[in-house]
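Worksheet: the structure to be examined is printed underneath.
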Amino acid sequence: STWGNIPRTPPQAMHPRVQHRDQKQHKVLEEQWTSKDESICSMNAFELRTLLAERKLCAVDVAKAFCKRSKLVGLRKLNCVTEEFYDEAVEKARELDQLPDSTWQDIDKYPLLGIPMSIKDQLFQKGAVASCGMRVFCSEESTTDGILVEMLRDAGAIPFVRSNVPQCLMLPESMNNIWGTSSNPWNLARTVGGSSGGEGGLIASFCSPLGIGTDIGGSIRIPANFCGITGFKPSPSRITMHGMAIPRLNARNGQLVIPPAAGPLARSADDCALLMSAVLRKKMFDEDPYLTPLTFDMQLYRKGLGRPLRIGYFTTDNWFQPCETAVRAVHEAVELFKKQGHEVVEFQLAPDMDGWAACAAYFGILAAEGNMHGFIQGLQGEPLHPYYRKLKAIADIPNFLRPLIRVILSTTGERRKAALFKNTRNGGLSTREFWEHCADLAVLKDRWQAKFREEKLDALVMPATALPALPHGGSVDLSLSMSYTFLFNLLQWPAGVLPVTVVQPAEARYPENAQLPENQRDEFAQKARESMVGAQGLPVGVQIACLPNHDELCLHVMKVLEKGVCWQTKPDIV
């Protein structure tokens, strides 16, 4: 593959923080791995919580099992771990085991009691750094928990490990100059995705039953799809982004048009619902008055709307044709919904609401400052990771050359590249140009909700990403294939991903140019073909989305599909 020449950061002690992690002693790791540990780690968070409530499991045994597996597989085989709190977790579990049975049985008050949790290396946690994959953030440990970690602890969760991310949190891979590169448990030559990629790898390899990540372009849903797990991006109005690091100088971020959202990565919709019920509480609304103060409606999640659902589907956003498996996954989902008595209709995307319109708005707004200015400033002298260099070189092309380059790209069939050039500028956009993008986004949001309501839909199902897990370095050229996740950050709708199938040997390919729309016959398509070589066996899911604040319904629809899929496939590493 052409990506073989891109330098990967080796997972070795290059930074004092890595040495600090690797020299730390953990008493629990002196114990042998047992068949009981194996059995515990195979369960999802909801199953564990149920058995803990019935006192058929004790919290200490659960904590020990995940701590051992996290070290053996999560760190040593996959390099998904940044910091470890194993003995602290076992100690906390021992304390929780002393609680009366009545406390253990109160799942409404303590939905996560005794559940070990992995935490993305962005959220503030006492005694840990929130590095965001940047050296400058590695010098200071947090003295307190951020609000989300605090609330997870209030709900009984036990944070025991922290997970890897890409430098600056803005690529669908997880690699940086501190902790190194994380690998996918389904295929070590592939990425876990990003930016919550360490979470994806840990949960898929049964090293953690439940994690929390953040998502501004698919950073929860891309790892979920690449790793064959469940990931949910809530409506940004429902969950706080307080209590976490911002990968910018002095934590100053002026990009407020496309808001990020924190959310769960797990192995079932039930697990995601547990986490949502744990944090959507008065304490969070008091901390962040800009949120919509809606607690999680567990009844709506469990029961749905009390009638058959009406679900729309589409198989392409017209910007990046999905691989065969991604299209098949949507069709299989459609059939599974129908089999359970729900109505499914095709959802037609007009040109002013498809992937071309979405990507113009997404890249126009996120790259508006020009030259990757915020990243460079935030890194405070640390070099950009090699995976960003191509982006930086494009960002730095002088403006007087851009019209000519656009003409050349358009006439040579590179229309997607030409579109990206049209929406970015060296030195940043003018206020007028930026406001035009914001106006385009307002139109996009109006078009989507109008069409959704016109069709009288409850939810949508579509591809999660155009391609399965990319080879390491694949994001240098193929970040655009994540357009299906970008869309719901732009729209601010809740959206989740769950696994449906795996790439069959005959599907380990990407359509030839003759099978693609004319405006997609370009270098990106060729890179997609290279990416699909050897992709057999990789997991492929679908994405479910609903209107803003209908998070419980979105998770309910995911649960309905999950019941039909009965996903049992595990990566070989397990």
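Can you report the number of residues in segment 357-389 which are open to solvent by 60 Å² or more (accessible area, probe 1.4 Å) and assigned to a helix (DSSP H, G or I)?
Here the count works out to 4.
Among what's in segment 238-282 and is under 24 Å from residue 362 (Cβ atoms) and in contact with a Gly (Cβ under 6 Å, 6 or more places away or on another chain), pick the residue that is surrounded by the most Cβ atoms within 10 Å (Cβ to Cβ).
Among those residues, the one meeting the criterion is 265.
So, in segment 412-441, of the ones that are polar (S, T, N, Q) and buried (at least 19 other Cβ atoms within 10 Å of the Cβ), which residue ends up nearest to residue 517 (Cα to Cα)?
423
Criterion first (open to solvent by 90 Å² or more (accessible area, probe 1.4 Å) and either modelled with pLDDT under 50 or of a type in the set (A, V, I, L, M) (or both)) does residue 12 satisfy it?
The answer is yes for residue 12.
Consider residue 271 against the criteria (1) closer than 25 Å to residue 546 by Cβ; (2) among the charged types (D, E, K, R); (3) free of Cβ contacts under 8 Å to residues at least 60 places away in the same chain: it satisfies all of them except one. Which criterion is unmet?
(3)
If you take the residues in segment 179-228 that are assigned to a loop (DSSP other than H, G, I, E, B) and aromatic (Phe, Trp, Tyr), which one is surrounded by the most Cβ atoms within 10 Å (Cβ to Cβ)?
Per the criteria, the residue is 179.
In segment 531-551, how many residues are outside any loop (DSSP other than H, G, I, E, B) and either over 19 Å from residue 293 (Cβ atoms) or open to solvent by 10 Å² or more (accessible area, probe 1.4 Å) (or both)?
Qualifying residue count for the region: 9.
Kindly list the number of the only condition in (1) among the basic types (Lys, Arg); (2) open to solvent by less than 10 Å² (accessible area, probe 1.4 Å); (3) more than 26 Å from residue 28 (Cα to Cα) that fails for residue 120.
Among (1) among the basic types (Lys, Arg); (2) open to solvent by less than 10 Å² (accessible area, probe 1.4 Å); (3) more than 26 Å from residue 28 (Cα to Cα), residue 120 violates only (3).
The values are calculated or read from the model by the stated rules, or taken from the named source; none is laboratory data. Please read these numbers as outputs of a predicted model, since none were measured by experiment. So basically every Cβ, Gly included, is an ideal-geometry build from the backbone, and we count neighbours across all protein chains shown. Each accessible area value is taken on the protein alone, full model and side chains, heavy atoms only, with ligands, DNA and RNA left out. Shrake-Rupley method; radii C 1.70, N 1.55, O 1.52, S 1.80 Å.
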